[in-house]
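The values are calculated or read from the model by the stated rules, or taken from the named source; none is laboratory data. Worth saying up front: this structure is predicted, and the values here are computed from it rather than measured. Don't worry about glycine lacking a Cβ; one is built from the backbone with ideal geometry, like all the others, and counts go over all protein chains shown.
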């Protein structure tokens, strides 16, 4: 029987809602498997984890690997997803300490730790595993138009920027659909989603010609699942990541699209010379991009209102509904009832009687 994972999550000096989004999401959805967070800066500040990132009540913050070992972790999980997926140089020593302590290492970085000679030698010597979640599985090819005739219904997430909560929304919508009795599944397309769901493909590490094929494969492999909620990446006009976003939309051929938006964000993250595209124009752009393959409407706007007061968040939600004519909701602050209802209307779903479908993945 496989041992239950207990994660020491590494955020060293970067613990924060957006700066360590991988850590925050894993803590949100897998708190019982989180042994501790390793961050010497945050440990020195002395604030509880929940106060820093809004989740993780009771989970300790430790200053080094030795202190973290008292909480009996089985693996060290890299808790950040920086631009370009690079490994901070200062973290090499910490990762080696974890390996020497007998911990497996789980990484979603573009820097493939298992191909790093120093890490590979250490892991072999200590007989521990390095899991590089961004490595794509073998056999991915170009899209082959396999999905069009399936009875399956697919909902895709797309947004106005990266790092806005598309994964969280996809998970919350999937949970909402299953609570309503539908046989739905969250489909992970990024490293953090894979950490939570236990399966998926990190599409941003796939050869550009095969991104569409990777998205298609994720859906085809789940062809017996009646409803899929597909995690989004980037935005269709993002100066760095648009290729991945558009490829995923075309490859997954969604029947409905949920648009993720941050009302307080005016510039593209890390590319502040580019303003966020106007919301209605962005929605039309997305719909125009998918129309030639399989027309799909944007059915609702999911909001990320982190940092806003309740009154400001409610005002933003109402303003966006007035502007777009679409239901809008922050799934963490407000729940998902509007988003579930929008999916039901768009996909022609009929509420099933009886108990909610078991939450199988997250």
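Just a few scattered comments:
- Members of region 92-128 found to be free of Cβ contacts under 8 Å to residues at least 40 places away in the same chain, out of contact with any helix residue (DSSP H, G or I) (no Cβ under 7 Å at 6 or more places or on another chain) and within 25 Å of residue 71 (Cβ to Cβ), listed by number: 92, 93, 104, 125, 127
- Test: residue 300 is over 29 Å from residue 82 (Cβ atoms) and in a strand (DSSP E or B): yes
- Qualifying residue in region 52-74 (condition: part of a loop (DSSP other than H, G, I, E, B), in contact (Cβ under 8 Å) with a residue 40 or more places away in the chain and buried (at least 16 other Cβ atoms within 10 Å of the Cβ)): yes
- All positions within region 173-194 that are over 23 Å from residue 250 (Cβ atoms) and surrounded by fewer than 24 Cβ atoms within 10 Å (Cβ to Cβ): 175, 176, 178, 179, 180, 181, 182, 183
- Residue in region 230-237 that is at positive phi and either more than 19 Å from the chain's Cα centre (by Cα) or at pLDDT 95 or above (or both) present: no
- Filtered residues of region 249-278 (kept if crowded, with 23+ Cβ neighbours inside 10 Å, in a strand (DSSP E or B) and out of contact with any strand residue (DSSP E or B) (no Cβ under 7 Å at 6 or more places or on another chain)): none
- The listed residues are 47, 72, and the only one of them that is in contact with a strand residue (DSSP E or B) (Cβ under 7 Å, 6 or more places away or on another chain), more than 25 Å from residue 188 (Cβ to Cβ) and not assigned by TED's automatic domain parsing to the domain that holds residue 306 turns out to be 72.
- The lone exception for residue 15 - which of (1) touching a helix residue (DSSP H, G or I) at 6+ places or on another chain (Cβ under 6 Å); (2) assigned to a strand (DSSP E or B) it fails: (2)
- The residue that is farthest from residue 89 (Cα to Cα), counting only those in region 18-51 that are in a loop (DSSP other than H, G, I, E, B) and within 18 Å of the chain's Cα centre (by Cα), is 30.
- Of all residues in region 319-343 being in a helix (DSSP H, G or I) and out of contact with any strand residue (DSSP E or B) (no Cβ under 8 Å at 6 or more places or on another chain), the one that is nearest to residue 278 (Cα to Cα): 323
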